[in-house]
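The values are calculated or read from the model by the stated rules, or taken from the named source; none is laboratory data. Note that the structure is a prediction, hence the values are computed from the model and not measured. Quick reminder, even Gly has a Cβ in these numbers, built from the backbone with ideal geometry, and neighbours come from all protein chains shown.
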């Protein structure tokens with residue numbers, strides 16, 4: 001009887017977790033996807049403004065939720081080799097937080113679209129977040145001056161569209177909206 005030599009199984013998550021801190025990448029279904037371009041100044045201004053508004057609301061309410069801006073690792077599902085770095089993650093279950101980030105679906109994710117990653121945010125991540133059970137997903141697009149809000153229904157996301165002149169209600173809270181006309185991105 002021939003002897004069989006077992007080959008080690010490639011562990012993409014282990015490779016992802018061993019990347020240097022200055023390397024921006026995500027793990028999508030076992031494949032490393034590297035971020036090639038640094039975010040623009042407008043992207044970073046939006047990230048800071050929106051994160052601050054959410055953080056101030058949560059602090060004012062003394063709620064259990066926490067807001068984490070990128071880079072912050074989110075392992076969406078235990079059985080799927082997928083770790084993403086959303087621009088903004090809001091996690092309300094402290095048991096999902098680890099030293100390395102979050103394990104499980106955040107309650108609310110916001111991505112700020114860039115021309116170089118638009119397809120990734122609008123298509124790929126929408127599917128990943130719906131599959132993982134993210135309750136609410138926003139895509140803020142500085143080029144189009146739009147905010148697309150996907151709220152997870154029973155089986156799919158329900159879409160609402162807004163502009164930067166609108167006040168956008170956060171679905172995970174009953175009394176919280178972000179007035180995009182008041183934010184300073186410049």
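In this structure, is residue 179 in contact with a strand residue (DSSP E or B) (Cβ under 8 Å, 6 or more places away or on another chain) and at pLDDT below 95? No. Scanning the range 67-80 for residues that are under 18 Å from residue 23 (Cβ atoms) and surrounded by fewer than 18 Cβ atoms within 10 Å (Cβ to Cβ) yields one hit, 71. On inspection, residue 148 does not qualify as touching a strand residue (DSSP E or B) at 6+ places or on another chain (Cβ under 9 Å) and either outside any strand (DSSP E or B) or surrounded by fewer than 16 Cβ atoms within 10 Å (Cβ to Cβ) (or both).
Exactly one residue out of 58, 88 is at pLDDT 95 or above and in contact with a helix residue (DSSP H, G or I) (Cβ under 6 Å, 6 or more places away or on another chain): that is 88.
Just so you know, in the range 101-116 the residues that are free of Cβ contacts under 8 Å to residues at least 60 places away in the same chain and touching a helix residue (DSSP H, G or I) at 6+ places or on another chain (Cβ under 9 Å) include one that is farthest from residue 63 (Cα to Cα), and it is 113.
Quick one: would you say residue 45 is under 16 Å from residue 87 (Cα atoms) and either in a strand (DSSP E or B) or modelled with pLDDT of 80 or more (or both)? Yes, satisfied. Scanning the range 151-172 for residues that are part of a loop (DSSP other than H, G, I, E, B), closer than 20 Å to residue 47 by Cβ and in contact (Cβ under 8 Å) with a residue 24 or more places away in the chain gives 170, 172. Exactly one residue among 140, 134 is in contact (Cβ under 8 Å) with a residue 12 or more places away in the chain, more than 21 Å from residue 48 (Cα to Cα) and outside any helix (DSSP H, G or I), and that residue is 134. Quick one: which of 64, 8, 2 is part of a loop (DSSP other than H, G, I, E, B), surrounded by fewer than 16 Cβ atoms within 10 Å (Cβ to Cβ), more than 17 Å from the chain's Cα centre (by Cα) and modelled with pLDDT of 90 or more? Checking each option against the conditions leaves just 64. When the range 93-104 is limited to residues that are in contact with a strand residue (DSSP E or B) (Cβ under 8 Å, 6 or more places away or on another chain) and part of a loop (DSSP other than H, G, I, E, B), the one that is nearest to residue 148 (Cα to Cα) turns out to be 104. The condition (being touching a strand residue (DSSP E or B) at 6+ places or on another chain (Cβ under 7 Å) and more than 20 Å from residue 152 (Cβ to Cβ)) is satisfied by just one residue among 70, 25: 25.
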